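Read the structure below first, then the notes.
The values are calculated or read from the model by the stated rules, or taken from the named source; none is laboratory data. This structure is a prediction, so every number in the text was calculated from the model and none was measured. Don't worry about glycine lacking a Cβ; one is built from the backbone with ideal geometry, like all the others, and counts go over all protein chains shown.
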Amino acid sequence: MNHDEIILRSLAHEYNRMAMGDRNQENLRLHEAVNDLKMIRPVVLIDELPWHELDFPDELSLQCEDPHLREIERFLRTNLFKNRHMPADMVASPYIPVRKVIHSTGNGIRVEEDTLAADKGNHIVSHRYHDMLKAESDLAMLHAPVLTYDRDESMRRFELVGGILGDIIPVRLRGTDVFHVHTWDDIAMYRGVTELLVDLADRPEFSHAMVRKLTDIRLSELEQLESLGLLDRGAYDLHCTAARTRDLPEGLAGASSGNELTDKLVDGNSGKEAADRPDCSYGETAGYRSDGSSGKEAADRPDCGYGETAGNRSDGSSGKAMKSRPATRKDIWGRGTAQIFASVSKAMHDEFDIEYMLETIGTFGLAYYGCCEPLDRKIDIVSRIPNLRKISITPWADVDVAAEAIGGKYVLASKPNPASVAVPLLDKEALQKEIGRILDACRRNGCSCDIVLKDISTCAKRPQNLFEWERVVMDMVRNA
């Protein structure tokens, strides 16, 4: 056993205990209840952390040498770190994901920018974008990319990780489980914010032509992902918010938890042990074929995992209903946003973004809209999106106005202000007031909600702010 294997196996044992633990099962139920509009209590999550300021070398320093295994190590270490110090209501997938390698030829344009960093260790920097789409003739540069699935490299990574960890915890090859559409945020990077906003008023036809072309490009990407079988059911994360639900088709994303998280075969063997047997079949394990050779074909099937059985999945579902077809957009979440429209009128927001979102995220099984743009006074236009289930309510929105408009129809995804932890000492009284207002508004209006601390560019180099934030907020939601 080499150096990388020793490190990963030790971490995987700890991660598996976390994923199989009672707290994880309870959190899965909380996530499902919120997204199914049957909230037990609000879900609290912390994400997008300033890892460069979390100086815990014994816990976070990467030690693997293989570049792909370092990414698996990062996944394990960051999840374990959060679970030890600020778990809130985080959930852990009962498997290790290995992402399918997807190549793109590009859409014909690239971002050109100048950046300015206040902290060299922080990936959050200031941007000044160069306008690459000044004239209508520039739109001719844009074209739909060609997506290709690099199956050989995907399988190499899958078998590498599965061979190391498959007897400890299932390893799954995963594609796209949430489809994101942020056309105007892309345009902001291609043009610059000022140019974009001025042209909405001065050159509306040009602005429509631009968003039309980029929307068609995104739709082409979606159609290619579907046709290549690269969509996957069962997301555990929806841009930092709860993703689990029973309301997506066949329920793979919302499979019940409890005592069903098991990866033993019908004969009692683990998936990896059975994988070495010559009579192994798809119905027993997805890791290997019945002729004893490595199971590349089986591992590409929609409900497969290394060290799992097709009839007894690690998320508790049988997988039988899914063997007949790959996932489509109707099986997963679509997520849209237009953050740069924070200062745009409701009518303009509706005309230039929501109208196009009807064609994109409105075609998915469920939709989540919004990020940092205030939507409290735009709920009526956002509600036009078919299958809408969740709406983001930013710190710059009035949560009382938003909760009254949302009621019990959608999930209110509340985003408390991350500036609260960007200080030398956390102001607990101010935090309690902020969270108390969110809880009161949701209680008064019958809203299901998740409370997500994210976009944390700094904690003032004081990780204790994050840990204390978690303790204060968890105490409030548990005793609300």
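Some notes on this structure:
- Inclusion of residue 382 among residues that are crowded, with 21+ Cβ neighbours inside 10 Å, under 24 Å from the mean Cα position of the chain (by Cα) and farther than 20 Å from residue 44 by Cβ is warranted.
- Note on the stretch 239-261: residues that are modelled with pLDDT under 90, acidic (Asp, Glu) and in a loop (DSSP other than H, G, I, E, B) total 1.
- Scanning the stretch 361-379 for residues that are of a type in the set (Ser, Thr, Tyr) and surrounded by 22 or more Cβ atoms within 10 Å (Cβ to Cβ) returns 368, 369.
- The test for being touching a helix residue (DSSP H, G or I) at 6+ places or on another chain (Cβ under 6 Å) and under 20 Å from residue 370 (Cα atoms) holds for residue 200.
- Residues located in the stretch 55-75, provided they are free of Cβ contacts under 8 Å to residues at least 60 places away in the same chain, among the aliphatic types (A, V, I, L, M) and part of a helix (DSSP H, G or I): 60
- Some residue of the stretch 132-150 being touching a Leu at 6+ places or on another chain (Cβ under 6 Å) and on the phi > 0 side of the Ramachandran plot: no
- Those residues of the stretch 102-116 which are part of a loop (DSSP other than H, G, I, E, B) and surrounded by 17 or more Cβ atoms within 10 Å (Cβ to Cβ), in sequence order: 107, 109
- One residue from 465, 445, 417 being without any contact (Cβ under 8 Å) to a residue 40 or more places away in the chain and either out of contact with any His (no Cβ under 7 Å at 6 or more places or on another chain) or within 18 Å of residue 47 (Cβ to Cβ) (or both): 417
- For the stretch 216-227, the candidate set comprises residues that are touching a residue at least 60 places away in the same chain (Cβ under 8 Å) and more than 21 Å from the chain's Cα centre (by Cα); within that set, the residue that is farthest from residue 136 (Cα to Cα) is 220.
- Here the condition is being of a type in the set (Phe, Trp, Tyr), within 22 Å of the chain's Cα centre (by Cα) and at pLDDT 95 or above; of 190, 236, it holds for 236 alone.
- Residue in the stretch 21-35 that is among the basic types (Lys, Arg), at pLDDT 95 or above and either surrounded by 17 or more Cβ atoms within 10 Å (Cβ to Cβ) or in a loop (DSSP other than H, G, I, E, B) (or both) present: no
- Those residues of the stretch 216-235 which are closer than 25 Å to residue 187 by Cα and among the basic types (Lys, Arg), in sequence order: 218
- Exactly one residue out of 119, 89 is in contact (Cβ under 8 Å) with a residue 60 or more places away in the chain, in contact with a Ser or Thr (Cβ under 8 Å, 6 or more places away or on another chain) and not in a helix (DSSP H, G or I): that is 119.
- Extreme residue, nearest to residue 446 (Cα to Cα), among residues of the stretch 385-413 that are crowded, with 19+ Cβ neighbours inside 10 Å and among the small types (Gly, Ala, Ser): 403
- Matching entry among 161, 146, 91, 125 (being surrounded by fewer than 22 Cβ atoms within 10 Å (Cβ to Cβ) and either modelled with pLDDT of 95 or more or farther than 30 Å from residue 207 by Cβ (or both)): 146
- Failed item, numbered, when residue 212 is tested on (1) buried (at least 17 other Cβ atoms within 10 Å of the Cβ); (2) in contact (Cβ under 8 Å) with a residue 60 or more places away in the chain: (1)
- Just so you know, in the stretch 50-71 the residues that are hydrophobic (A, V, I, L, M, F, W, C) and touching a Pro at 6+ places or on another chain (Cβ under 9 Å) include one that is modelled with the lowest pLDDT, and it is 56.
A quick yes/no check of all residues on (1) of a type in the set (Gly, Ala, Ser); (2) closer than 26 Å to residue 455 by Cα; (3) touching a Pro at 6+ places or on another chain (Cβ under 7 Å); (4) without any contact (Cβ under 8 Å) to a residue 24 or more places away in the chain:
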site: 125; (1), (2), (3), (4): no, yes, no, yes
site: 129; (1), (2), (3), (4): no, yes, no, no
site: 132; (1), (2), (3), (4): no, no, no, no
site: 146; (1), (2), (3), (4): no, no, no, no
site: 149; (1), (2), (3), (4): no, no, no, no
site: 154; (1), (2), (3), (4): yes, no, no, no
site: 168; (1), (2), (3), (4): no, no, no, no
site: 185; (1), (2), (3), (4): no, yes, no, no
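- The residues of the stretch 40-54 that are in contact with a Leu (Cβ under 8 Å, 6 or more places away or on another chain) and assigned to a loop (DSSP other than H, G, I, E, B), listed by number, are 40, 41, 42, 47, 49, 54.
- Test for residue 428: is it surrounded by fewer than 20 Cβ atoms within 10 Å (Cβ to Cβ), out of contact with any Gly (no Cβ under 7 Å at 6 or more places or on another chain), within 18 Å of residue 46 (Cβ to Cβ) and among the charged types (D, E, K, R): yes
- Failed item, numbered, when residue 450 is tested on (1) among the acidic types (Asp, Glu); (2) assigned to a strand (DSSP E or B); (3) more than 24 Å from the chain's Cα centre (by Cα): (3)
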